[in-house]
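As structure tokens, the structure follows; a few thoughts come after it.
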Amino acid sequence: MPHHLCTTARSAAYTALLLALTVLLSLLAPMGTAQANPPAPTAPPAATEDCPAFPLSAFGEAAPEGNTLTLPAEGTACYTFTVEKPGLHRLVKSGGNEVAITVHDGEEQVDCYDTDWGAGWCRLERTGAFTLRLANRWDPSTVTFALTPLATDEGCTAQVPTDGNSAPFVARATAPTAVQCARLDAKPGERLTNTVTTTTYGQSTSWITDGTGARICPSRREDDNDGCVLPGNGPYRVLTQVTNAESGFPAEYTLKVRRISDPVGCTRVPLNTYNSAPTKATPTSGCKTFTAPRAGRYDVYGVDTSRTKLKVYDRAGKTVCVTWNGCELPAAGDYTVHTDDATLILDRASAAGCESAELGLHRSTFASAGEIDCVLLPLPAGARLAALTPLSGTAPRPDLTLFDATGAYGCAKGDLSAGSCELTGTPPFRLEISTDDVDPATGPYAVALHRTDAASGCPVLPAGDFTAQSASARATMGGGVFSQCFSIPADAHSAQESIQIQAAPGTRYGADFTVLDQDGQQVCSTYSALSTWTTCAMAPGAEHTVLVNGRDADASYTLTRRDVTATAKGCAPNPVVKVGGASSAGAMGAPGELRCRQVTTADAEDVVHLDVRDALGTANVVAYGADGTALCNKNQACAVTGSTSYQVLVTVRSGLKAAPDYRFDAVRIATATGPAEGCVRVPNVSYGYGPVTGVLDETRSTFCAVLPTAYSDRFQMEISDTTGAEETAVPSLYDPSLGNNCMLHIPGGYHCGVSEPYTKEVTPSTLVLSLPETASKTSYRAKAVCSIYRCGTEQVTVGTVSPATGAAGSKVTMTVTGTALHEEDVVQLYVNGKEIEAKTTAVSADRRTLTAVLDLTGVPTGTWSLSVSTHNGVQYPRNSFTVTAARLASTKPPVISGSAKVGAKLTAGTGSWSAAPSSYAYQWKADGTAIAGATGATYTVPAKLLAKKITVTVTARRSGHPDGQSTSAAVTVAKGDAPKATAKPVISGKVKVGAKLTAGKGTWAPKPTAYTYQWKANGTAIAGATGATYTVPAKLLGKTVTVTVTAALTGHSSGSATSAAVKVAKGDAPKASAKPVIAGKAKVGAKLTAGKGKWTPAPTSYSYQWYANGKAIAKATGSKLTLKAAQRGKKITVKVTAHRTGHASGASTSTATKTVAR
């Protein structure tokens, strides 16, 4: 039958209301409901609406062919149908999730919504015609619908049995819109369970009803019991609907209805014992009954290839045990379970079937799938037990649970494998051994039993250290061995130790270990690994036990324990450095190895920043205090305090690659009195901090700043390398608790924060920038941007704004005081609808002073209102601002004329001005400082201003205007003119060797203040001859002599003039002040000697000539003469000639001797 689409117009508001209500009500419907929606407004019928009729569907029938249609977006359709028997009808749809279906009795909409079961339950209370309407809310949609009367038996199949030994009811659903009906063999007051499943994957529902078709069982169980107690008088039916089937329709389904009160057809099964196979009931039945001999704890399982806990019902059908909890039967008697599998039912108060076991290795076999074995333990109450099983290997793998003699639960596998299971309750204690493995579920197994609260007799694990020669112990597995124990002597351990297990090369399987104290309490443990370690707190003076657990396979492991307190051995010494100090270098061990550095500082209240870097970025640090307390263990930098010695382990996790070496930072960032040396104190962080720039390398590896943060501040870190490198500095932000709350977001960079309890006070934090993980240098630019409304504790306030006046046409620098001021805060002037904004130019580091420039160009004079508008839109009105008349403005600065040199007169020009001044004032300045008394238009430069920069500031005045000022360009004072000689210097004195010459100064203008002299010979300066007089040496004989006089005047260049030249003559000859004297006898053959005599000045040499009777004796020119026969009878004289360099020679003759005798 063709359907008719109603496309009547409706207002947008009406459509919106319809959509909102239908969506809301559809969300309230139960999940999985495939029926029509709850009551919803529909479009009013058109005046000429024509709705085709459709037939109702009987039980088992699919929707009529014409009940499938496609509605366009916001399309509607309507149908009519006839009710022949009043009662409940099921309205079902398939597809069309956005299509709302409503039923109408005339103009009134029928309520088809059940508050317990959802939409699609239409109670039609009369016979006759009804209208069904469809409205599509969104995109085009195809929908199929059907309406099935439920208060009828037409189409119901044969009765469904409820006894325990009958086969389930199997049928086929014709379509997702079909409702199937089956009669039910049941009586009032019986408790029934009802389940329906599709043969292939699908969705289905069923409900028990009486003649009305309504759900007569409550939607929620009020007493936590399964099943439904049938109300009323019957007869009863089961209605089923399959809404989805993976294999399509028709879809096969199975309906199972069972009576759990006074069950019939159930197979009786016995209780089982430990170490026995599950019971396979004969005859086979899905219902089984067993008898409990007493009230108490029982384990009740169904066993196929594995065990499944079963629900247990009493004779009244009430649920006494559920699958998610232990089973506690309230009394002796018969109980029922529903399962098609074998059963395993154990009385936990009975030890029947248990085997006795001794400490050590216990071996046995799971003979049957699902069996539970039991061993009785030879331990008293209060003892502690370790029960270890191989960590892995072939199935079956045993699971362990400890119970006491009454069946009370003791410990599960976790405590047993940890060795800390305390035996409490009533002995003897038993260990239940089972498995959940199914492939295979049977086979041999082993359990190692150790008592952990008494002396173990295990070999000693020796104390080791952080050297390459450290002592250790070896554990070997395989050949039936999967666990070993070691002891740590009471007097041979520290308070905190690291214990490490490392597999030998070639070992394929990991192992774990547990350390227990003398009371059997676990102090530390590890997970299974080829290489791992942990820190253990060791009770002073107490023996400890180490349990190593692996698998029964060839393997060898090394165990090493090391002191991590201040007495640790083998640690490299590492004193802390100040902020900006150098990092330390170290050789990296192989992955899994531990290298130790002992970081020391002077004061336990120092805060030390720790960080490790390597080329691969795989190194990590673990830091301990002096007492061995672990202070940090993160793959990031951390801060520590509270000790003067820290043991820092540097390691690369096993499985990663290790670089050959690493760099390590240990930097003091705070002391007991506050931030450490080198840390920058930041005054304010209201909107963040920075940017800061600098260079980090291995000689200066950190930057530090202390921030006045609040308890929960958050910052987005903007960090870059100014050279363009990808690796950037890494931030750490330490709050008072020393948490490093920096996290790298990809993308987005680092986010850092403070995480402390609420307080109104400052919660200071320390920002540290470190080198990148894999780079040895970075040129950083870092900025912390507050990522919340405002950081720190200061609130926004605005105080004073100054000045209060400014001249029209000028630019006025405004100063705002307050707190938490921002660069985007604005100073505003406004009057009569006009507004002027000052441009903010700076905010002080403490954000208490803001500087802005107010441009009054073109602004009329008068009084303006003034306010400060903050960056977040809050306005703070302040005092008024007065714009005064424009100040005289310089259009061209004054110019200094004249030579800028000492002694010269300078003249100031007036410059040019915006209006003609009526007068001027002057102030001369030297190097920017006013010169006292120099206030005229001219200025003569004194010597003291030599080399200084001279300016002149001209003040222009005009009535009605503020004075204007303009300063000239600077001129630099040079030296003044040199003095000039008007008469040359003159040399006085005899110009001859040995004579003293005197230099006249000459005549000069201007008059010098000092003179210097330089004597010259043949035009060349005579060394050292710089006085006003000069005595001529012999070496200048024959040369010309001049003197150059240099005239000096303070602040001026020096002038010079040279005298006329004079030629040097010989000096005076030496004169004898005593004649020469002849010594010796005057006789032939005697030798006479001539004395030199005495001379002035002293000669430099002498020559001689002997005479006989006044006649020169040939060749007698020496100072001695031997008399010969020729001189007999004669008188002898000698003439001595005295010579002196540069002088004439002088001569003197001796007195004659007596006549020379024979």
Completion exercise
Note on segment 582-626: residues surrounded by 20 or more Cβ atoms within 10 Å (Cβ to Cβ) and at positive phi are G592
Exercise for the section: Would you check if there is a residue in segment 838-848 being within 30 Å of G581 (Cα to Cα), among the charged types (D, E, K, R) and out of contact with any helix residue (DSSP H, G or I) (no Cβ under 7 Å at 6 or more places or on another chain)? Expected result: yes
Practice task
Please tell me if S392 is touching a strand residue (DSSP E or B) at 6+ places or on another chain (Cβ under 8 Å) and either in contact (Cβ under 8 Å) with a residue 40 or more places away in the chain or farther than 23 Å from Y527 by Cα (or both).
Solution key: no
Completion exercise
Flagged pairs (Cβ under 9 angstrom, 6 or more apart or on separate chains; first in segment 860-879, over 9 Å from V798 (Cβ atoms); second of a type outside the set (V, I, T) and at pLDDT below 90) are P860/A808; T861/A807; T861/A808; T861/A885; T861/A886; L866/N879
Completion exercise
When every residue in segment 1133-1147 that is hydroxyl-bearing (S, T, Y) and at pLDDT below 90 is compared, the one farthest from D1068 (Cα to Cα) is T1141
Exercise for the section: Identify all residues within segment 256-289 that are surrounded by fewer than 21 Cβ atoms within 10 Å (Cβ to Cβ) and not in a loop (DSSP other than H, G, I, E, B); write none if there are none. Expected result: K256, T267, R268, T279, T289
Exercise for the section: Tell me, yes or no, whether segment 715-725 has at least one residue that is surrounded by 20 or more Cβ atoms within 10 Å (Cβ to Cβ) and not in a strand (DSSP E or B). Expected result: no
Exercise for the section: Restricting attention to segment 749-769, report how many residues are buried (at least 23 other Cβ atoms within 10 Å of the Cβ) and either among the polar types (S, T, N, Q) or out of contact with any Pro (no Cβ under 9 Å at 6 or more places or on another chain) (or both). Expected result: 3
Completion exercise
Of the candidates A292, A351, A332, the one satisfying the condition of being modelled with pLDDT of 95 or more, farther than 30 Å from A511 by Cα and touching a Pro at 6+ places or on another chain (Cβ under 8 Å) is A332
Practice task
Would you be able to tell me the number of residues in segment 626-644 that are closer than 21 Å to A585 by Cβ and more than 24 Å from the chain's Cα centre (by Cα)?
Solution key: 0
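Within segment 1118-1127, identify whether any single residue is in contact (Cβ under 8 Å) with a residue 40 or more places away in the chain, surrounded by 18 or more Cβ atoms within 10 Å (Cβ to Cβ) and not assigned by TED's automatic domain parsing to the domain that holds K1001, and answer yes or no. Steps first, answer last, please.
To start, the set of residues in segment 1118-1127 that are in contact (Cβ under 8 Å) with a residue 40 or more places away in the chain comprises 1123-1125, 1127.
Those left that are additionally surrounded by 18 or more Cβ atoms within 10 Å (Cβ to Cβ): 1123, 1127.
Subsequent filtering for residues that are not assigned by TED's automatic domain parsing to the domain that holds K1001 retains 1123, 1127.
Checking segment 1118-1127: at least one residue is in contact (Cβ under 8 Å) with a residue 40 or more places away in the chain, surrounded by 18 or more Cβ atoms within 10 Å (Cβ to Cβ) and not assigned by TED's automatic domain parsing to the domain that holds K1001.
Given R653, R663, which one is over 20 Å from the mean Cα position of the chain (by Cα), surrounded by 15 or more Cβ atoms within 10 Å (Cβ to Cβ) and among the charged types (D, E, K, R)?
Values: R663 fails: over 20 Å from the mean Cα position of the chain (by Cα).
Every option except R653 fails the conditions.
With R508, R595 as the choices, which residue is under 30 Å from A666 (Cβ atoms) and of a type outside the set (A, V, I, L, M)? Full working, then the answer.
Working: R508 fails: under 30 Å from A666 (Cβ atoms).
That would be R595, the only listed residue that is under 30 Å from A666 (Cβ atoms) and of a type outside the set (A, V, I, L, M).
Which is crowded, with 16+ Cβ neighbours inside 10 Å, in contact (Cβ under 8 Å) with a residue 40 or more places away in the chain and in a loop (DSSP other than H, G, I, E, B), of T212, T200, T177? It would help to see each step written out before you state the result.
Values: T212 fails: crowded, with 16+ Cβ neighbours inside 10 Å; T200 fails: crowded, with 16+ Cβ neighbours inside 10 Å.
None of the other options fit; the residue is T177.
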Problem - Hey, V257 under 27 Å from D404 (Cα atoms) and not aromatic (F, W, Y) or not - result: no
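Restricting to segment 638-656, count the residues that are in a loop (DSSP other than H, G, I, E, B) and modelled with pLDDT of 95 or more. Reasoning before the result, please.
If we filter segment 638-656 for residues that are in a loop (DSSP other than H, G, I, E, B), which is where we start, we get 641-644, 653-656.
The next check asks that each one be modelled with pLDDT of 95 or more; those that pass are 641-644.
The number of residues fulfilling the criteria is 4.
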Completion exercise
Only unsatisfied item for G414, checking (1) buried (at least 19 other Cβ atoms within 10 Å of the Cβ); (2) of a type in the set (G, A, S); (3) under 20 Å from V546 (Cα atoms), is (1)
Problem - Single unsatisfied condition, S865 versus (1) on the phi < 0 side of the Ramachandran plot; (2) not assigned by TED's automatic domain parsing to the domain that holds M814 - result: (2)
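Quick one: how many residues across segment 537-555 are assigned to a strand (DSSP E or B) and closer than 15 Å to F486 by Cα?
In the first step, residues of segment 537-555 are kept if they are assigned to a strand (DSSP E or B); the result is 537, 544-549, 555.
In the following step, the residues that additionally are closer than 15 Å to F486 by Cα were identified as 544-549.
Here the count works out to 6.
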Practice task
Report yes if S472 is small (G, A, S) and either loosely packed, with under 15 Cβ neighbours inside 10 Å or over 30 Å from Y274 (Cα atoms) (or both), otherwise no.
Solution key: yes
Completion exercise
Here the residues within segment 668-679 that are more than 19 Å from the chain's Cα centre (by Cα) and among the hydrophobic types (A, V, I, L, M, F, W, C) are A670, A672, A676
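Results for (1) at pLDDT 90 or above; (2) part of a loop (DSSP other than H, G, I, E, B); (3) assigned by TED's automatic domain parsing to the domain that holds A167; (4) buried (at least 19 other Cβ atoms within 10 Å of the Cβ), shown as yes or no for each residue.
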{"residue": "E358", "(1), (2), (3), (4)": "yes, yes, no, no"}
{"residue": "L361", "(1), (2), (3), (4)": "yes, no, no, no"}
{"residue": "T365", "(1), (2), (3), (4)": "yes, no, no, no"}
{"residue": "G370", "(1), (2), (3), (4)": "yes, yes, no, yes"}
{"residue": "G393", "(1), (2), (3), (4)": "no, yes, no, no"}
{"residue": "G407", "(1), (2), (3), (4)": "yes, yes, no, yes"}
{"residue": "G425", "(1), (2), (3), (4)": "yes, yes, no, no"}
{"residue": "E432", "(1), (2), (3), (4)": "yes, no, no, yes"}
Exercise for the section: Please find, within segment 1099-1109, the residue that is surrounded by the most Cβ atoms within 10 Å (Cβ to Cβ) out of those that are in a loop (DSSP other than H, G, I, E, B) and either under 60 Å from the mean Cα position of the chain (by Cα) or at pLDDT 90 or above (or both). Expected result: P1099
Exercise for the section: Give V621, V695, V685, V706 a once-over and let me know the one that is aliphatic (A, V, I, L, M), in the same structural domain as Y734 (by TED's automatic domain parsing) and either free of Cβ contacts under 8 Å to residues at least 60 places away in the same chain or part of a loop (DSSP other than H, G, I, E, B) (or both). Expected result: V685
Problem - Candidates A784, A729 - the one that is out of contact with any Ser or Thr (no Cβ under 6 Å at 6 or more places or on another chain) and buried (at least 19 other Cβ atoms within 10 Å of the Cβ) - result: A784
Practice task
Could you run through segment 464-503 and say how many residues are more than 13 Å from T560 (Cα to Cα) and of a type outside the set (D, E, K, R)?
Solution key: 16
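The values are calculated or read from the model by the stated rules, or taken from the named source; none is laboratory data. Small disclaimer: the values here were computed from a predicted structure and weren't measured. Note that we place each Cβ from the backbone using ideal geometry, even for glycine, and neighbour counts take in every protein chain shown.
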